[in-house]
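Enquirer: For reference, the structure I am asking about is given below.
The values are calculated or read from the model by the stated rules, or taken from the named source; none is laboratory data. A quick note: this is a predicted structure, and the numbers were derived from the prediction, not measured. All Cβ positions, even for glycine, are placed from backbone atoms using ideal geometry, and neighbour counts span all protein chains on display. Surface areas here come from the heavy atoms of the whole protein model, side chains and all, with no ligands, DNA or RNA. Shrake-Rupley method; radii C 1.70, N 1.55, O 1.52, S 1.80 Å.
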Amino acid sequence: MKILIIEDEKAIAEVERAYVEKEGYSADIAGNSNIGIEKFEEFDYDLVILDLMLPGMSGLEVCRFIRSKKNTPIIMVTAKSREDDIIAGLDAGADDYVIKPFSPKVLMARVRANLRKTGAEFSEGSEVIKIGTHLVIKPQNYAVYKDNIEISMTKNEFLILSCMANRPEKTWSRDELITYALGDDYDGFERSVDSYIKNIRKKLNDPEHDFIKTVYGFGYKLTDGEK
Ligand code: CA
């Protein structure tokens with residue numbers, strides 16, 4: 001397992017590296033956004049720890065860039081604790097966030113949880129789930145297809161969509177989606193579910209189809225997409 005640390009404060013980056021290595025993973029440090037992007041493109045990383053406040057290109061922009069290329073889990077590290085900044089990070093495609101000053105042990109627990117979700121936890125069940133005539137989910141491959149074209153999803157987007165697909169008649173509250181899709185490791189705000197849903201809609205919907213219905217005052221329901 002190889003982790004990319006994008007962090008401009010050397011002391012913090014070194015602490016992160018020391019803990020990552022203690023977990024038995026290897027780590028590369030990038031001291032600014034440009035080096036971070038270069039390394040990300042050159043090597044294959046299993047996870048990225050990304051500082052939000054970077055000189056030059058911001059962490060949010062780096063996050064969007066990474067997300068446009070791959071679904072590598074991204075943990076955003078931010079001194080900004082305002083809910084809106086965290087939502088902006090999740091909207092940009094981050095999977096998780098840790099607020100500075102953070103406990104390295106908590107950061108490592110998040111790293112483990114995010115690595116775990118990309119691997120073994122998906123492997124149960126092998127059948128193909130069909131939603132209407134347009135969407136197909138293959139849980140074994142963590143893959144989502146719309147009209148036979150694979151749609152790239154992040155880990156949390158995939159977990160939410162496949163959870164909803166398992167019980168297509170059900171309307172899910174945000175709280176239920178956190179519990180049943182994202183699991184006990186997840187301690188984000190309920191509003192972060194809205195960010196994931198927004199991203200899923202962006203990827204799946206088109207002018208003729210709308211696959212997730214908002215049930216006002218309650219939550220969300222997966223549909224066959226026909227309006
Ligand atoms: Ca910084």
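Enquirer: Output the residue which, of all residues in the range 38-69 that are open to solvent by less than 70 Å² (accessible area, probe 1.4 Å) and part of a loop (DSSP other than H, G, I, E, B), is farthest from the ligand (Cβ to nearest atom). It would help to see each step written out before you state the result.
Expert: From the range 38-69, those open to solvent by less than 70 Å² (accessible area, probe 1.4 Å) are 39-40, 45-52, 54, 57-60, 62-63, 65-67; that's our starting set.
Now drop any that are not part of a loop (DSSP other than H, G, I, E, B), which leaves 45-46, 52, 54, 57-58.
Numbers: TYR45: 19, ASP46: 23, LEU52: 7, LEU54: 6, MET57: 12, SER58: 10 Å.
Of everything passing the filter in the range 38-69, ASP46 is farthest from the ligand (Cβ to nearest atom).
Enquirer: Sticking with this structure for a sec: Mind checking which residues of the range 70-85 are within 13 Å of the ligand (Cβ to nearest atom) and either in a helix (DSSP H, G or I) or in contact with a Lys or Arg (Cβ under 8 Å, 6 or more places away or on another chain) (or both)? Let's see the steps before the verdict.
Expert: Of all residues in the range 70-85, those within 13 Å of the ligand (Cβ to nearest atom) come to 76-80.
Selection gives VAL77, THR78, ALA79.
Enquirer: Could you grab me the full set of residues in the range 14-24 that are among the hydrophobic types (A, V, I, L, M, F, W, C) and within 16 Å of the ligand (Cβ to nearest atom)? Even if it seems obvious, please write down each step before you answer.
Expert: Filtering the range 14-24 down to residues among the hydrophobic types (A, V, I, L, M, F, W, C) leaves 15, 18, 20.
Hit for the range 14-24 is VAL15, nothing else.
Enquirer: Residues of the range 14-24 being of a type in the set (D, E, K, R) and part of a helix (DSSP H, G or I), which ones? Full working, then the answer.
Expert: Residues of the range 14-24 of a type in the set (D, E, K, R): 14, 16-17, 21-23.
GLU14, GLU16, ARG17, GLU21, LYS22, listed by residue number.
Enquirer: Out of everything in the range 59-87 that is polar (S, T, N, Q) and within 26 Å of PHE158 (Cβ to Cβ), what residue ends up being farthest from the chain's Cα centre (by Cα)?
Expert: Looking only at the range 59-87, we keep the residues that are polar (S, T, N, Q), and these are 68, 71-72, 78, 81.
Those left that are additionally within 26 Å of PHE158 (Cβ to Cβ): 68, 71-72, 78.
On the way: SER68: 13, ASN71: 8, THR72: 8, THR78: 16 Å.
Once the filter is applied, the top-ranked residue is THR78.
Enquirer: If we keep just the residues of the range 119-142 that are at pLDDT 90 or above and assigned to a strand (DSSP E or B), which is surrounded by the fewest Cβ atoms within 10 Å (Cβ to Cβ)? Step through it out loud before you land on a result.
Expert: Of the range 119-142, the ones at pLDDT 90 or above are 134-137.
Still in the running and assigned to a strand (DSSP E or B): 135-137.
On the way: LEU135: 22, VAL136: 18, ILE137: 23.
Looking at the filtered set, the residue picked out is VAL136.
Enquirer: Tell me, which residue of the range 183-227 that is part of a helix (DSSP H, G or I), open to solvent by 60 Å² or more (accessible area, probe 1.4 Å) and touching a helix residue (DSSP H, G or I) at 6+ places or on another chain (Cβ under 8 Å) is modelled with the lowest pLDDT?
Expert: Among those that are part of a helix (DSSP H, G or I), open to solvent by 60 Å² or more (accessible area, probe 1.4 Å) and touching a helix residue (DSSP H, G or I) at 6+ places or on another chain (Cβ under 8 Å), it is GLU190.
Enquirer: In the set ALA88, ALA11, ALA27, which member is on the phi < 0 side of the Ramachandran plot, within 12 Å of the ligand (Cβ to nearest atom) and either out of contact with any strand residue (DSSP E or B) (no Cβ under 9 Å at 6 or more places or on another chain) or in a strand (DSSP E or B) (or both)? Talk me through it step by step, then tell me what you get.
Expert: On the way: ALA88 fails: within 12 Å of the ligand (Cβ to nearest atom); ALA27 fails: within 12 Å of the ligand (Cβ to nearest atom).
Answer to the check: ALA11.
Enquirer: Do we find that VAL98 is out of contact with any Phe, Trp or Tyr (no Cβ under 6 Å at 6 or more places or on another chain) and within 12 Å of the ligand (Cβ to nearest atom) in this structure?
Expert: no
Enquirer: While we're on this one: Since ALA94 meets every condition but one in (1) among the small types (Gly, Ala, Ser); (2) at pLDDT 90 or above; (3) surrounded by fewer than 18 Cβ atoms within 10 Å (Cβ to Cβ), which condition does it not meet?
Expert: Among (1) among the small types (Gly, Ala, Ser); (2) at pLDDT 90 or above; (3) surrounded by fewer than 18 Cβ atoms within 10 Å (Cβ to Cβ), the lone unmet condition for ALA94 is (3).
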